[in-house]
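Chemist: Take this structure first; my questions come after.
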Amino acid sequence: MGDSATMAKVLSGLADSDLFAFVLLDSSGVIVFANRSAVSLLGLTVSDVVGRSYRDPAWVIEAIDGSPFPPEELPFARVIVPPSCSRAIR
């Protein structure tokens, strides 16, 4: 998998995978990409998702128990300052 074209093809295949849902945000927290699984999970269209901030007031983000999810615990907030790795946030 040495060349960048091959890597781009592999990443494109992963992005289109139905195995997992993911979104890609820019450095300000605006969604610039959402794969099919992500928009399906959210019950939205790509155009509804792309261009929105992860902090958009229209998002109703709750913890598993239904309580409000603290904004500072959102994955983007956790990785942008200070840099760290977020895993298994539900």
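Chemist: What 222 nm value per residue comes from the helices of the chain, counting each DSSP H run with n ≥ 4 as -39,500 (n - 2.57) and dividing by all residues, nearest 500 deg cm²/dmol? Write down the numbers at each step before the final one.
Modeler: On the way: 4 runs with 29 residues, N = 90.
Calculated at 222 nm, the ellipticity per residue is -8000 deg cm²/dmol.
Chemist: If you don't mind, there's one more thing I want to ask. Can you tell me which of 13-22, 42-51 comes out highest on packing, and rank the rest after it, using the mean Cβ neighbours within 10 Å?
Modeler: 42-51, 13-22
Chemist: Between SER37, SER53, SER28, where does the largest GNM mean-square fluctuation fall for the chain, given springs only between Cα atoms within less than 10 Å?
Modeler: Evaluated over the chain, the most mobile residue of the options is SER28.
Any read-out appearing in this document is the output of simple, stated calculations on the displayed coordinates, not a laboratory observation. Fair warning: this is a prediction, and the values are worked out from it, not measured in the lab. Backbone-built Cβ (ideal geometry, glycine too); neighbour counts: all protein chains shown.
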